[in-house]
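Enquirer: After the structure tokens below, expect a handful of questions from me.
Bear in mind these aren't lab numbers, they're just calculated from the coordinates by the rules spelled out. Everything quoted here is computed from the prediction, not taken from an experiment. Please note: Cβ atoms are built from the backbone with ideal geometry, for glycine as well, and neighbour counts cover all protein chains shown.
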Amino acid sequence: MGGDSASRRLTFSAHHHPAPMLSPNDVVITGLGLVTPLGIGREAFWAAIEAGQSGIDILPEFAGTELPFRFGARIKGFDAKQYVQPRKTIKVMCGEIQAGYSAAVLAMHDAGLEKGTVEPDRLGVVLGSEMLFGEVEEVAGVYRRCADNGQFKFSNWGGFVFKDLYPLWMLKYLPNMAACHISIAHDARGPNNSIVQGGASSLLAIGEAMMVLARGHADAMIAGGSGANVSFNSLPFRGWEQLSKWHGEPAGACRPFDAQRSGIVPGEGSAALVLETRQHAVGRGAKILACLAGFASRFEPLRNGQPAQGVAIGQSIEAALAAAGMTPADIGHVNAHGDSSIEQDRIEAQAIRRTLGDVPVTALKSYFGDLGSGSGAVELAASVLALASGRVPPTLNYETPDPDCPINVIHGGPLIAKSTALALNQSTTGQAAALVLTAP
């Protein structure tokens, strides 16, 4: 940001009635932790991004079946035992919770914050989460026992489930448990919350953590999200029709904003960020990775079964810019939601064009698919690393421009990064979030 940044004000209410809070750059990022299909930890993740590596592959358990999809992005080389303490708590953590917990451990280590170095009442946690569906293997036996002559009978469920299912099974799948486990592990007794709003969840969680710090209710926050769209139980629930119809190599399946896109590619992953007030970070000699200059969220109701048309996306962009005291010309790049769906990509692209003009746009789901409630945190972490390295990664698989997506998609090679970025995420139910990020 320019030399007049101190005069700008950070606001989170409707920009028509701004409420003065902290100045921009007074909420900063000091740590990143990632558990993704591209690698574990920020170094491995960023090396894969810079190499143009895809984390999308054929899912072995679905290869050779007649299911309407084959591709996905799974976390590779991850062992929760390296991060979860005490290890016995893994028994009450599903995969998404294990990944979220581990990302928080990595982020705190990256920030140089050990347990007890922040006053417990001044350290909080806000995570994006979602419905956690469970593994087929855990319930298959119970399901079979409830069958009578090949037909499932609900009346049998109550009797068999308590006999055959792990007694603490439900604790493994409560959406708020990741934030709870992280708070216990780090003695974080400050503000604690879990945001469950689909694909917008983790960016909304980071925005909420930002507001907690801006209000003076904490000195440091662990924020981010964890999700998994790739489990067999979740895919039928969300619907097969949204998935990619791609028949080529797996790496080419996710094609945000490209004319040949045919749907999302499911993935799994998590990221956590350590946010601090600038005063707290400077006071302990922390390295500042990036600054949060403005955040906004808006909602567009779905009418008569029709999808949102981008009104909330545009409003969130405008409000985030107003909160940061910026204009569209100040934004170096947009890190778009871009999930490779035909309609949502069109809606988002047109909202970006209306509000920001010809700003360069990257869409990182092209590397690792749609991570559900983990996507926004992983994508924001990538923009932090892009500002630090001076290179914005291109969108993979963008080959044929779509006239219905009239935006300047970064492709073919990285873009020299300017000092600001705008991150966007949306949910299929109308939530939209925008966050302005600046170099330190």
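Enquirer: Filter the trypsin sites (Lys or Arg not before Pro) in segment 144-250 down to the DSSP loop ones having no more than 13 other Cβ atoms within 10 Å, then list what survives. Display every interim value, and only then the final one.
Expert: On the way: sites: Arg144, Arg145, Lys153, Lys163, Lys172, Arg189, Arg215, Arg238, Lys245; in loops: Lys153, Arg189, Arg215, Lys245.
Counting only loop positions with at most 13 other Cβ atoms within 10 Å, the trypsin sites (Lys or Arg not before Pro) in segment 144-250 are Lys153, Arg215, Lys245.
Enquirer: Would you mind computing, in nm to one decimal, how far apart the modelled labels at Leu171 and Ile342 are, each placed 7 Å from Cα along Cα→Cβ?
Expert: 4.6 nm
Enquirer: Among Gly248, Gly225, Gly332, which one shows the biggest mean-square fluctuation in a GNM of the chain, springs joining Cα atoms closer than 10 Å?
Expert: Gly248
Enquirer: Place +1 on the Cβ of every Lys and Arg and -1 on the Cβ of every Asp and Glu in segment 102-215, take the dipole about the Cα centre, and give the residue among Ser102, Ala205, Val161 whose Cα lies farthest towards its positive end.
Expert: Val161
Enquirer: Hand me the trypsin sites (Lys or Arg not before Pro) from segment 62-136 located in a DSSP loop with no more than 13 other Cβ atoms within 10 Å, in residue order please.
Expert: Details: sites: Arg70, Arg74, Lys76, Lys81, Arg87, Lys88, Lys91, Lys115, Arg122; in loops: Arg70, Arg74, Lys76, Lys115.
Answer in residue order: Lys76, Lys115.
Enquirer: Now a separate question. Between the DSSP loop rule and a limit of at most 14 other Cβ atoms within 10 Å, which GluC sites (Glu not before Pro) in segment 347-440 are left? Please list the in-between numbers first.
Expert: On the way: sites: Glu348, Glu379, Glu399; in loops: Glu399.
Those satisfying the criteria are Glu399.
Enquirer: A further question follows. Explain nothing, just the number: relative contact order of the chain, from Cα pairs under 8 Å at least 6 residues apart, as a whole percent. Please list the in-between numbers first.
Expert: Working: 1125 pairs, mean separation 101.1, N = 440.
It rounds to 23 percent for the chain.
Enquirer: Please work out whether the chain counts as rounded, prolate or oblate from its C-alpha gyration tensor, where a ≥ b ≥ c are the square roots of the eigenvalues and a/c under 1.5 means rounded, while otherwise a/b larger than b/c means prolate and anything else oblate?
Expert: Oblate is the answer for the chain, as a/c is 1.5 or above yet b/c matches or exceeds a/b.
Enquirer: Follow-up. What dipole magnitude, in Debye to the nearest 20, does the chain give about its Cα centre under +1 on Lys/Arg Cβ and -1 on Asp/Glu Cβ? Don't skip to the answer; put the middle values down first.
Expert: Details: 34 positive and 40 negative charges, 141 e Å.
Here the size comes out at about 680 debye.
Enquirer: Let me ask another. Using +1 on the beta carbon of Lys and Arg, -1 on that of Asp and Glu, and nothing else charged, what's the dipole of segment 107-181 about the Cα centre, debye to 20? List each step's numbers first, then the result.
Expert: Values: 7 positive and 10 negative charges, 81 e Å.
Using only the charged Cβ atoms, the result is roughly 380 debye.
Enquirer: On full extension of the chain, what length is gained from Leu67 through Glu241, given 0.36 nm per residue of separation minus the C-alpha to C-alpha distance?
Expert: Values: separation 174, 0.36 × 174 = 62.64 nm, distance 1.17 nm.
Full extension from Leu67 to Glu241 adds 61.5 nm.
Enquirer: Hey, another quick one. Name the residue, out of Phe45, Phe162, Phe62, whose mean-square fluctuation peaks in a Gaussian network model built on the chain with Cα pairs under 10 Å.
Expert: Phe162
Enquirer: Expected output is a single nm value to one decimal: the length gained when fully extending between Ile58 and Glu114, i.e. 0.36 nm times separation in residues minus the C-alpha distance. What is it? Mind dumping the intermediate values first?
Expert: Numbers: separation 56, 0.36 × 56 = 20.16 nm, distance 3.92 nm.
Extra length from Ile58 to Glu114 when fully extended: 16.2 nm.
Enquirer: I would also like to ask the following. Any lysines with Cα under 24 Å of the Lys115 Cα? List them, leaving off those in the same chain fewer than 8 positions away.
Expert: Of all the lysines, those that pass the test against Lys115 - Cα under 24 Å, at least 8 places apart if same chain - are Lys81, Lys88, Lys91, Lys287.
Enquirer: Another one. What size of dipole, in debye to the nearest 20, comes out for segment 110-268 about its Cα centre when the only charges are +1 on Lys and Arg C-beta atoms and -1 on Asp and Glu C-beta atoms? Before the final figure, lay out each step's value.
Expert: Values: 13 positive and 17 negative charges, 95 e Å.
Using only the charged Cβ atoms, the result is roughly 460 debye.
Enquirer: Is the C-alpha gyration tensor of segment 167-214 telling us rounded, prolate or oblate? Criteria: a/c under 1.5 is rounded; beyond that, a/b larger than b/c is prolate, otherwise oblate. Mind dumping the intermediate values first?
Expert: On the way: a/c = 3.65, a/b = 1.34, b/c = 2.72.
Oblate shape, in that a/c is at least 1.5 and b/c is the bigger or equal ratio.
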